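The next block holds one structure in the form of structure tokens; read it before the comments.
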Amino acid sequence: MSTATRRAPHGPAARAGNLAAAGEDELVRRAQDGDSAAFGELAGRHSSLLRRVLFRIAKDCEQAWDAMQEALLRAWNNIGRFERRSKFSTWLTRIGINELYSELRRARPETVELDDSVGERVPDWGARTDRAVESQEFLAAIERGLEQLPVHYREAVILRDVEGFSTREAAAIVGVGERSFKSRLHRGRMSLRSGLDQFFEEGYVR
Amino acid sequence: MSLNPLSRHRENCGEARAALSDYLDGELGPETSVGRHLQWCPNCRRMARNLSATVEGLEALGRGGRSRPSESG
């Protein structure tokens, strides 16, 4: 199929007919045969996930919107190259993240030191962390911490822990090996944990 | 490995903490060196608890706890 510039299909018409009942494999096959409505149905099913991931990783909302639109267009133009070795959602999310960080990825990755505080007393967050973790205050503190993380760690934590991708899927989306991904994930989690010490020191859990 | 007990202890703490995510994700069990270390090292046990709470908070975020305020704009 042609990969020349085509407009990504969208709108109610794309979801009409029996497409809603079609399985993902069938939709992908039809989209690869040039069925824009089938691609529209696929995009509709996965755009919510793509939007969440991009908005959580990006600090600039306009950048996230641009990346999302570019990703859908790029996916439509390249659906013929999708080899089904991963789920469609994994493939689409990878395209979105590549769009989002096409410039940042060229830069030297930032690193965070593994703050494991060996030799220092680790703060006790209190006996009621199970109640705290669901609180809006705690979640807001986590979101603030996420925004401070370098992008390579932020995307690892968001994909694995927030969005629930498996390690294998998340590593494929980011485009690194599982070992490298797990290292980023651990450093990202540890850095967030360290930042949350202050939240509990300020006496949230009494 | 250091012969000094304190240095050796810190080496063990460092190794255990580097593997905490694998332990929390279930890839390393209680019979491993990390699991055994956590049984008797209260400092590392606190760190494991805190890290676990951090991951639980991230998962809660994914269940719809919050979204960025400007997302709908």
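Quick note: the coordinates plus some simple rules give every number you see, no bench work behind them. Everything numeric in this text was worked out from a predicted model, so none of it was measured. Ideal geometry is used to build each Cβ from the backbone, glycine not excepted, and the neighbour counts take in all protein chains shown.
Structure above, values below:
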| read-out | value |
| --- | --- |
| Ascending count of other beta-carbon atoms within 10 Å, so fewest first, for B:L51, B:L38, A:L192 | B:L38, B:L51, A:L192 |
| Ranked list, fewest to most other Cβ atoms within 10 Å of each Cβ, for A:I95, A:I142 | A:I95, A:I142 |
| Per-residue ³J(HN,Hα) for the range B:32-41, Karplus 6.51 cos²θ - 1.76 cosθ + 1.60, θ = phi - 60°, Hz, x for Gly and Pro | 7, 4, 5, x, 5, 4, 5, 5, 10, 9 |
| Simple label model, 7 Å out from Cα along Cβ direction - A:R144 to A:F82, nm | 4.0 |
| Inter-site label distance for A:D197 and B:E31 at 7 Å from Cα along Cβ, in nm | 3.5 |
| Karplus (6.51, -1.76, 1.60) ³J(HN,Hα), θ = phi - 60°, over the range A:138-154, in Hz, Gly and Pro reported as x | 5, 5, 5, 5, 5, 5, 5, x, 4, 5, 7, 6, x, 4, 5, 7, 4 |
| Global form of the range A:141-206, assessed from the alpha-carbon gyration tensor, a/c cut-off 1.5 | prolate |
| Potential lengthening between B:Q39 and B:S7 on full extension [0.36 nm per residue; Cα-Cα distance subtracted] | 9.6 nm |
| Packing-based exposure ordering (other Cβ within 10 Å, fewest first) of A:T90, B:T32 | B:T32, A:T90 |
| In nm, spacing of pseudo-spin labels at A:Q32 and A:D124 (7 Å Cα→C-beta vector) | 5.9 |
